[in-house]
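One structure is given here, and the rest of the page talks about it.
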């Protein structure tokens, strides 16, 4: 499969790049700094903070699918998830590429947006701890970061593309295990952690699974 991976030097993006190359995929890494790409791949310099439409179109041209690990790494990056994803979607439309898999976060289902100002108070898959303790704390502590991801999710859902949104809880740097749980339309009860490597593996596998199209998928160990 011919893939384009955005944010391919980030935590999940790097894992997706390594696994995709190891799996024999033809990979284009769209990254801000090409020097940070450690795996053999076609590299297209793309700065999603100040996106160049022509560079983005070149990055996705001819791709069978696009994976995005885009997200704010610091407070100064907040806003890059939705702005960058909007630019990716526009480039995909221009080049006729339809399949998109993006990573979000488990608490996002309860985050308000301008289009949906009154979301559910908690995700249907959340247990007592997530509903009443960790979930509210995390949404308050990471309010602006989660607002960025919630806006990004709206853009993806309204894109008309064949999308999948993956919502992990707290991410770790543990090795790939292949042992994780997934659920459609909800989080994983009792699922507090998952490795970046396992999230990347699922994102790659979702590309070939029709049942994941236009679905939000919770994932956790």
Next on the checklist: Suppose a student asked you for the relative contact order of the chain, using Cα pairs under 8 Å spaced at least 6 residues apart; what percent would you report?
Outcome noted: 20
Checklist outcome for this item: With the 8 Å Cα cutoff and a minimum separation of six or more residues, segment 148-206 has a relative contact order in percent of 36
Item to check | Label assignment, Cα Rg over 2.2 N^0.38 Å derived from the structure, set [x] 1.29; [y] 0.95; [z] 0.99 | outcome: [y]
Next on the checklist: I need 80, 188, 213, 5 ordered by Cβ neighbour count within 10 Å, fewest first.
Outcome noted: 213, 80, 188, 5
Next on the checklist: Quick check: residue separation of residue 1 and residue 129 times 0.36 nm, minus the Cα distance between them. What number comes out in nm?
Outcome noted: 42.0 nm
Item to check | segment 166-221: radius of gyration and largest Cα-Cα distance (Dmax), Å | outcome: 10.5, 29
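All of the numbers you see were taken from the coordinates with simple rules; none came from a lab. Quick caveat, the model's predicted, so the values are computed rather than measured. Using ideal geometry, Cβ is built from the backbone for each residue, glycine included, and neighbour counts are taken over all protein chains shown.
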